[in-house]
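Visitor: Here it is: the structure, laid out below.
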Amino acid sequence: MVTHRPPASSDPVFTFATDGIESALAKAQEVAAEKRIGLMGANTDQQFLAAGLVDEIRIHLVNLMLGGERRLFDQLPQRIELEKTGLSETDDVTHLEYRVVR
């Protein structure tokens, strides 16, 4: 049984890049045009941070802690300075926004 199938007329939601993060970024920028590009997953985030390719970090902190996975900031190549640019919250989530200072 198929649980999810995108509409036949829609463009692909995901494009997989297997030739490095710089290539992945270039492809994302081409598709996004002037829109923001978002990263997901600790490993991917760590690679882009290490390469100096992150301008802004947005953290959505929810009132639930899960364990057993890779921690987002566990393996960074060096100290990374951040400047807070935004803070907002609802009952269930706090949104933290930072600019990466180079």
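Just so it is clear, none of the values below were taken in a lab; they were calculated from the coordinates. Predicted, not measured: the structure shown is a model, and the values here were computed from it. Cβ atoms come from the backbone with ideal geometry, glycine included; neighbour counts cover every protein chain shown.
Visitor: Consider region 23-55. How many of its residues are charged (D, E, K, R) and within 12 Å of LEU72 (Cβ to Cβ)? Step through it out loud before you land on a result.
Guide: Looking only at region 23-55, we keep the residues that are charged (D, E, K, R), and these are 27, 30, 34-36, 45, 55.
Still in the running and within 12 Å of LEU72 (Cβ to Cβ): 45.
The number of residues fulfilling the criteria is 1.
Visitor: Taking the options THR85, THR90, THR94, name whichever one is in contact with an Asp or Glu (Cβ under 6 Å, 6 or more places away or on another chain) and farther than 25 Å from PHE14 by Cα. Full working, then the answer.
Guide: On the way: THR90 fails: in contact with an Asp or Glu (Cβ under 6 Å, 6 or more places away or on another chain); THR94 fails: in contact with an Asp or Glu (Cβ under 6 Å, 6 or more places away or on another chain).
Result of the check over THR85, THR90, THR94: THR85.
Visitor: Just one of (1) surrounded by 10 or more Cβ atoms within 10 Å (Cβ to Cβ); (2) more than 24 Å from PHE16 (Cα to Cα); (3) touching a Ser or Thr at 6+ places or on another chain (Cβ under 8 Å) trips up GLU56, so point out which.
Guide: Evaluating GLU56 over (1) surrounded by 10 or more Cβ atoms within 10 Å (Cβ to Cβ); (2) more than 24 Å from PHE16 (Cα to Cα); (3) touching a Ser or Thr at 6+ places or on another chain (Cβ under 8 Å) leaves (2) as the failure.
Table: residues versus (1) of a type outside the set (Lys, Arg); (2) at positive phi; (3) in contact with a Pro (Cβ under 6 Å, 6 or more places away or on another chain).
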site	(1), (2), (3)
ARG36	no, no, no
ASP55	yes, no, no
LEU61	yes, no, no
LEU64	yes, no, no
GLY68	yes, yes, no
PRO77	yes, no, no
GLU89	yes, no, no
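Visitor: If I filter region 61-81 for residues that are among the β-branched types (Val, Ile, Thr) and loosely packed, with under 12 Cβ neighbours inside 10 Å, do I get at least one hit?
Guide: Taking region 61-81 first, the residues among the β-branched types (Val, Ile, Thr) are 62, 80.
Keeping just the survivors that are loosely packed, with under 12 Cβ neighbours inside 10 Å gives 62.
Yes, because at least one residue in region 61-81 is among the β-branched types (Val, Ile, Thr) and loosely packed, with under 12 Cβ neighbours inside 10 Å.
Visitor: Here is a further query. Within region 82-102, work out how many residues are exposed (fewer than 10 other Cβ atoms within 10 Å of the Cβ) and small (Gly, Ala, Ser).
Guide: Residues flagged as exposed (fewer than 10 other Cβ atoms within 10 Å of the Cβ) and small (Gly, Ala, Ser) within region 82-102 amount to 1.
Visitor: Here is a further query. Condition first: over 30 Å from ASP91 (Cβ atoms), surrounded by 15 or more Cβ atoms within 10 Å (Cβ to Cβ) and touching a strand residue (DSSP E or B) at 6+ places or on another chain (Cβ under 9 Å). Now tell me which residues in region 22-53 satisfy that.
Guide: Scanning region 22-53 gives a single hit, LEU49.
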